[in-house]
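Presented below is the structure to which this report refers.
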Amino acid sequence: MTTTRNLTVTSPVDLLAVVPGVFGFHPDESVVLLALGADTSCCHARVDLPEDPAETQALVDHLVGVGRRNGLQHAAVVVYSDDELKAETVGDRLCAGLEGAGVDVVETLRVDDGRWFRIDACDGPCCPPEGTPYDLASHRFTAQAVLDGRITLGSRRELAESLIGTDLEAIDAVGEAADAAMDRFQAAARLPLGPPAPDGARAHLVREGKWVRHRVRRYLADGDPLDDHDAGRLLVAMIAVEVRDVAWAEMSRTTAERHLSLWRDLVRRSPMELLAAPAALLGFAAWLTGDGALAWCAVERCQEAEPGYRLAGLLTQALTGAVSPSSWRPVDHSDLTLFAG
């Protein structure tokens, strides 16, 4: 799911040029629901085509539900597949379901190998049986995306792989800094030659929480990447959910784009054992910006590191339920448990 971008669409090729710009990659074996019109509270959605035909109705019901919950009034459906029968079945059922929910479906297309086909094709010259070739390389939407600095990847797999760090030296450097930060925490949590001291640990977490708030705010202000020392310290501090929530509380729809840069960088530099918190925060920031595809990839990355991570579960519910980011209210700093009492 991702929020609507305001673009003027006048042709099937315009519709197809919208898709990679909205989702950040070129879909394959997917069905895409595009919201049309001026109502920016509506959303776009992309779902993998089911391999089992018995799952088609569940897919249709899900997307119809997305449209209904978001007040969708006008839409287009694009099915990316080389399987003409599957594409037509999904496209026809989804179109019927949406229209039954009061949605005006303006266009229903199938895309395969650089050609588009109308699923509800007529016998006229506008719907040749061999399809109509198209090229998005020179399209104005593509050019605008380049000017805006937005990167479009070749597939969802490439998007997911973009969250995997490839600079092993950078990951090792952050890991060493994290080890040092963990040593400091363990020293602060113990009395000399004695057992763990809860009061000492709590005081250390409060100090770290205040530092995390300061460090995140500093990044939001200057945008300078965290050095290895700060990256390792931040990752270790956020092992404690109360401290992670301090970073989360700095997130709003206004700051979400800058949070994307912060957490994406840390996800790519984080050792696996410390990855869950930054990946979950990246996913949440992506959801707030309307980038549902990136949010899902971040959730999956989080769950690779720590299955059952609660914030990833909450985000999964929001994404699956097509909850609009406009419904989000930032965390109230007064509600943070770390600083209570």
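The values are calculated or read from the model by the stated rules, or taken from the named source; none is laboratory data. The structure presented is a predicted model; accordingly, all values stated were derived computationally and were not measured. Neighbour counts are summed over all protein chains in view; Cβ atoms, including those assigned to glycine, are modelled from backbone coordinates with ideal geometry. Ligands, DNA and RNA are stripped out before the accessible areas are found, and what is left, the full protein with its side chains, is counted by its heavy atoms. Shrake-Rupley method; radii C 1.70, N 1.55, O 1.52, S 1.80 Å.
Conditions: (1) within 14 Å of the chain's Cα centre (by Cα); (2) more than 24 Å from Val47 (Cβ to Cβ). Ala277 meets all but one. Number of the miss?
If we test Ala277 against (1) within 14 Å of the chain's Cα centre (by Cα); (2) more than 24 Å from Val47 (Cβ to Cβ), just (1) comes out false.
Just one of the numbered conditions (1) in a helix (DSSP H, G or I); (2) open to solvent by 10 Å² or more (accessible area, probe 1.4 Å); (3) touching a Leu at 6+ places or on another chain (Cβ under 9 Å); (4) not charged (D, E, K, R) is not true of Ser252; which one?
Ser252 satisfies all of (1) in a helix (DSSP H, G or I); (2) open to solvent by 10 Å² or more (accessible area, probe 1.4 Å); (3) touching a Leu at 6+ places or on another chain (Cβ under 9 Å); (4) not charged (D, E, K, R) except (1).
Assess whether Arg233 counts as being within 17 Å of Asp179 (Cα to Cα) and open to solvent by 20 Å² or more (accessible area, probe 1.4 Å).
yes
From the list Gln57, Gln73, which one is out of contact with any Lys or Arg (no Cβ under 6 Å at 6 or more places or on another chain), modelled with pLDDT of 90 or more, of a type outside the set (A, V, I, L, M) and under 22 Å from Ser11 (Cβ atoms)?
Gln73
So, of the residues in the stretch 278-292 that are open to solvent by 10 Å² or more (accessible area, probe 1.4 Å) and either in a helix (DSSP H, G or I) or of a type in the set (Gly, Ala, Ser) (or both), which turns out to be nearest to Asp230 (Cα to Cα)?
Among them, the one singled out is Phe284.
Which members of the stretch 218-249 meet the condition of being of a type outside the set (A, V, I, L, M, F, W, C), more than 22 Å from the chain's Cα centre (by Cα) and not in a loop (DSSP other than H, G, I, E, B)?
Arg218, Asp222, Asp228, His229, Asp230, Gly232, Arg233, Glu242
Consider Thr108 against the criteria (1) under 30 Å from Leu288 (Cβ atoms); (2) surrounded by 15 or more Cβ atoms within 10 Å (Cβ to Cβ); (3) at pLDDT 90 or above; (4) not small (Gly, Ala, Ser): it satisfies all of them except one. Which criterion is unmet?
Against the list (1) under 30 Å from Leu288 (Cβ atoms); (2) surrounded by 15 or more Cβ atoms within 10 Å (Cβ to Cβ); (3) at pLDDT 90 or above; (4) not small (Gly, Ala, Ser), Thr108 comes up short only on (1).
If I filter the stretch 261-269 for residues that are part of a loop (DSSP other than H, G, I, E, B) and in contact with a helix residue (DSSP H, G or I) (Cβ under 6 Å, 6 or more places away or on another chain), do I get at least one hit?
no
State whether the residues of the stretch 136-153 include one that is out of contact with any Leu (no Cβ under 8 Å at 6 or more places or on another chain), surrounded by 12 or more Cβ atoms within 10 Å (Cβ to Cβ) and of a type in the set (Asp, Glu).
No, that holds for no residue.
Specify which of the listed residues (Thr108, Thr166, Thr132, Thr89) is over 30 Å from Ser326 (Cβ atoms), in contact with a strand residue (DSSP E or B) (Cβ under 6 Å, 6 or more places away or on another chain) and of a type in the set (Ser, Thr, Tyr).
Residue meeting the stated conditions: Thr132.
Pick from the stretch 15-39 the residues that are outside any helix (DSSP H, G or I) and of a type in the set (A, V, I, L, M): which of them is surrounded by the fewest Cβ atoms within 10 Å (Cβ to Cβ)?
Ala38
Count, please, the residues in the stretch 88-115 that happen to be closer than 20 Å to Glu51 by Cβ and either of a type in the set (Lys, Arg) or in contact (Cβ under 8 Å) with a residue 40 or more places away in the chain (or both).
6
Between a residue in the stretch 251-280 that is within 12 Å of Gly223 (Cβ to Cβ) and any residue that is open to solvent by less than 30 Å² (accessible area, probe 1.4 Å) and assigned to a loop (DSSP other than H, G, I, E, B), which pairs come within a Cβ distance under 7 Å, given they are 6 or more apart or on different chains?
Pairs found: His259/Met251.
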